[in-house]
Amino acid sequence: MKMARTVIPFGPQHPVLPEPIHLKLELEDEKVVGVTPVIGYIHRGIEKAAELNSFRQNVSLMDRICGICSFIHALTYCQGIEALMGVEVPPRARFLRVFWSELSRTHSHLLWLGLFADAMGFESLFMQCWRAREIILDISEMTAGHRIIQSTCTIGGVKRDIDKEMSNEVNRRLLAFKGMMDKTISPVFLHDPTIKRRIAGKGVLPKEQAELLGAVGPVARGSGVSIDIRQTGYAAYKEVGFEPVVETAGDGYARTLVRIREVYQCLELMPEALSMMPDGEILVRVDGYPEGETVSRCEQPRGEVIYYLRGNGTNNLERLKIRTPTFANIPALLVTLPGCELADVPVLTLLIDPCISCTER
Amino acid sequence: MEMPWMFPTIWINLFTRPATRRYPFKDIREPFAEYKGRIYFDSNKCDLCGDCARICPSRAIEVSLTNRQITYDPFKCIYCSNCVQACLPRAISQDKHYAKPAAAKEAETISVPV
């Protein structure tokens with residue numbers, strides 16, 4: 001007998017969603033058989049605004065595309081403009097860029113781990129994750145001047161320096177953070193049976209499909225695709241040394257493990273970047289206007305972000321196009337949802353770490 | 001049973017102070033020295049060049065040469081400190097305190113003496 005199909009709207013307002021995305025779920029009884037995503041609830045016209053602002057003012061605008069990957073958005077934009085104008089960034093600034101990139105990756109992953117625990121109803125773990133994240137936000141405030149939007153990247157380098165004394169203090173706080181990760185957060189995610197039962201074997205994305213759908217970031221790496229733009233060695237990743245974190249299971253648990261292991265990787269990369277940082281200038285003077293076109297790529301906490309920039313030799317850019325990682329991961333989400341239970345939809349949606357502000361700009 | 005390793009944490013949490021602060025009954029912690037807080041203009045140092053207005057991403061600063069006035073809107077300001085770094089005569093400074101909320105969103109007008 002053919003079962004009747006029901007369409008259930010999931011979102012745009014839903015307790016587990018920090019940002020509005022709408023999924024039209026087609027259900028047969030409790031089983032999802034089809035999904036149609038609807039986006040466009042939080043479009044702010046940032047690409048158009050970027051054409052109206054001067055290319056220097058745009059750095060602050062790019063910072064504000066998304067709160068949780070703000071530094072890396074600005075970094076991708078600045079790298080694009082620097083490529084157009086032929087600017088060589090001082091070595092010290094490149095290492096500082098790595099430090100702040102990894103700091104934003106850490107706080108983004110911790111935010112996600114907390115939200116994910118909250119989506120599963122694990123309130124105490126959610127609070128522990130966000131409590132540990134406070135240490136990272138304090139480091140951000142101490143080094144960059146703001147807790148979330150660091151706003152330190154600029155065309156030609158970085159705006160702020162980190163001296164020896166501050167670097168020691170950062171290392172001390174990172175050790176305290178690592179202690180909290182070791183003691184409270186990672187054992188729960190790694191060993192707790194309720195978490196394993198909730199996500200292990202759910203939302204499986206095979207490697208071939210991840211490659212075919214163009215999945216990026218932890219979603220692709222959780223399926224065994226070793227893709228990470230940091231491998232191209234932008235900023236100072238070449239000098240710092242870097243191996244992407246890859247898990248092969250392809251299920252929700254593998255994606256969570258990738259993010260936890262990446263937090264530990266960030267904790268290695270940050271002190272390394274600070275210790276290897278050479279002395280010297282942090283900012284070079286940039287004269288003139290951008291002309292020509294370029295593509296700039298960076299690795300955000302959610303995956304690869306691509307900026308296309310076209311300048312015409314004036315103070316304003318002719319075109320700025322941004323491809324964000326969540327946009328690339330939505331097809332992967334649509335593949336993982338059919339076949340699951342309705343109760344699993346919130347958790348599986350969160351597993352791609354959706355950042356809708358980025359996606360819609 | 002896989003949970004006994006949590007018991008020491010539970011036991012410690014019974015006797016430690018809360019992670020949150022009871023604001024406003026207790027003061028929040030002092031911001032870090034490098035915090036990008038309120039913006040101040042020193043009218044005696046300003047030469048009305050307008051660099052701050054040109055660099056400001058949120059257009060919170062307007063400089064009028066004819067009236068010799070600077071209009072600064074703290075409610076448009078995003079505290080990026082671009083103006084502080086762009087100001088050559090060092091007429092703009094920033095302290096480490098948060099900008100306070102207000103009932104009315106009023107811009108500040110600073111007159112620059114001749």
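A few comments on the model shown:
- Cβ separations smaller than 9 Å between residues 6+ apart or across chains give the following pairs from the stretch A:227-241 residues that are aromatic (Phe, Trp, Tyr) to residues that are surrounded by 14 or more Cβ atoms within 10 Å (Cβ to Cβ) and outside any helix (DSSP H, G or I): A:234/A:296; A:234/A:297; A:234/A:298; A:234/A:299; A:237/A:299.
- The residue pairs whose first member lies in the stretch A:145-156 and is facing another protein chain (nearest Cβ under 10 Å), whose second member is among the acidic types (Asp, Glu) and assigned to a loop (DSSP other than H, G, I, E, B), and whose beta carbons are closer than 7 Å, counting only pairs six or more residues apart or on different chains, are A:145/B:34.
- Residues within the stretch A:16-49 that are touching a helix residue (DSSP H, G or I) at 6+ places or on another chain (Cβ under 8 Å) and exposed (fewer than 12 other Cβ atoms within 10 Å of the Cβ), tallied: 1
- Cβ pairs under 6 Å, 6+ apart, first in the stretch A:257-275 and in contact (Cβ under 8 Å) with a residue 60 or more places away in the chain, second among the small types (Gly, Ala, Ser): A:260/A:186; A:274/A:167
Table: residues versus (1) loosely packed, with under 10 Cβ neighbours inside 10 Å; (2) within 23 Å of the chain's Cα centre (by Cα); (3) without any contact (Cβ under 8 Å) to a residue 24 or more places away in the chain.
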site	(1), (2), (3)
B:4	yes, no, yes
B:24	yes, yes, yes
B:46	no, yes, no
B:52	no, yes, no
B:59	no, yes, yes
B:62	no, yes, yes
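- In the stretch A:184-195, residue farthest from the other protein chains (Cβ to nearest Cβ) [restricted to those that are loosely packed, with under 15 Cβ neighbours inside 10 Å and of a type outside the set (Val, Ile, Thr)]: A:190
Yes or no, residue by residue, for (1) within 14 Å of chain B (Cβ to nearest Cβ); (2) of a type in the set (Gly, Ala, Ser); (3) within 29 Å of residue A:113 (Cβ to Cβ):
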position	(1), (2), (3)
A:8	no, no, yes
A:22	no, no, yes
A:41	no, no, yes
A:46	yes, no, yes
A:51	no, no, no
A:54	yes, yes, no
A:58	yes, no, no
A:63	yes, no, yes
A:68	no, no, yes
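- Of the residues contained in the stretch B:34-42, none is found to be more than 29 Å from residue A:182 (Cβ to Cβ), of a type in the set (A, V, I, L, M) and touching an Asp or Glu at 6+ places or on another chain (Cβ under 8 Å).
- All conditions in (1) out of contact with any strand residue (DSSP E or B) (no Cβ under 8 Å at 6 or more places or on another chain); (2) farther than 22 Å from residue A:235 by Cα; (3) without any contact (Cβ under 8 Å) to a residue 40 or more places away in the chain hold for residue A:288, with the sole exception of (3).
- Of the residues B:36, B:76, the single one that is surrounded by fewer than 17 Cβ atoms within 10 Å (Cβ to Cβ), in contact with a Cys (Cβ under 9 Å, 6 or more places away or on another chain) and under 24 Å from residue A:148 (Cα atoms) is B:76.
- If you filter the stretch A:216-250 down to residues that are within 14 Å of residue A:299 (Cβ to Cβ), among the small types (Gly, Ala, Ser) and touching a helix residue (DSSP H, G or I) at 6+ places or on another chain (Cβ under 7 Å), you find that the one that is surrounded by the most Cβ atoms within 10 Å (Cβ to Cβ) is A:220.
- Qualifying residue in the stretch A:306-313 (condition: among the basic types (Lys, Arg), over 30 Å from residue A:211 (Cβ atoms) and over 13 Å from the mean Cα position of the chain (by Cα)): no
- Helices (runs of 4 or more DSSP H) within the stretch A:282-360 that include 2 or more residues among the hydroxyl-bearing types (Ser, Thr, Tyr): A:325-336, A:356-360
- A residue that is in a loop (DSSP other than H, G, I, E, B) and more than 23 Å from residue A:325 (Cβ to Cβ) cannot be found anywhere in the stretch A:204-213.
- Scanning the stretch A:37-64 for residues that are touching a Leu at 6+ places or on another chain (Cβ under 7 Å) and of a type in the set (Ser, Thr, Tyr) gives no hits.
Every number here is computed from the coordinates shown, using simple stated rules; none is lab data. Quick caveat, the model's predicted, so the values are computed rather than measured. Cβ sites come from the backbone with ideal geometry, for glycine too, and all protein chains shown count toward neighbours.
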